[in-house]
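This report concerns only the one structure given below.
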Amino acid sequence: MPSTYDAIVIGTGQSGPSLAVRLAKAGRRVAVIERHRFGGTCVNTGCIPTKTLVASARTAYVARRAADYGVVIHSPVTVDMAAVKARKDRVAGESEKGVESWLKGTPNCTVISGSCAIRLQPRSPRGR
């Protein structure tokens, strides 16, 4: 692992991974620091899980209204929430693993597990 980097990306949420890969492909040495789960909120608890739940709800709704479209279902439509949750977890997990493998497989990109703190030091005024 290099001791110096051209760029450090903190977190693998919304824009972190694409920025890191773009910089790495441009020949920069990039470190990506992730403290918990790859993909951030969107992948793990926000957008993707929500969309899987909405898709399941929409499917149940359409199935329950099938007769309106001339389709007859000979039993009541029920929802298996354990299966819905398992699907949501599987889809989010695949996305999380995809982000992780994408970053780890990118040349010039080092993935570091952990958290970080940044201390910015003020620049001295020019000419002094």
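Answer yes or no as to whether Ser75 is within 16 Å of the chain's Cα centre (by Cα), exposed (fewer than 14 other Cβ atoms within 10 Å of the Cβ) and hydroxyl-bearing (Ser, Thr, Tyr). Answer is no for this residue. The residue list Ser101, Ser124, Ser115 contains one member that is within 26 Å of Ala7 (Cβ to Cβ), in contact (Cβ under 8 Å) with a residue 12 or more places away in the chain and of a type in the set (Gly, Ala, Ser), which is Ser115. Taking helices (runs of 4 or more DSSP H) as the structural unit, those lying wholly within region 10-128 and holding at least 2 residues that are at pLDDT 95 or above correspond to 16-25, 47-64, 81-104.
Apart from one condition, Arg28 fits all of (1) without any contact (Cβ under 8 Å) to a residue 60 or more places away in the chain; (2) in contact with an Asp or Glu (Cβ under 7 Å, 6 or more places away or on another chain); the exception is (1). In region 85-97, the residues that are without any contact (Cβ under 8 Å) to a residue 60 or more places away in the chain never reach a residue that is basic (Lys, Arg) and part of a helix (DSSP H, G or I) with C-beta atoms less than 7 angstrom apart, at least six apart or across chains.
The values are calculated or read from the model by the stated rules, or taken from the named source; none is laboratory data. What you see is a predicted model; the values in this text were computed from it and never measured. Quick reminder, even Gly has a Cβ in these numbers, built from the backbone with ideal geometry, and neighbours come from all protein chains shown.
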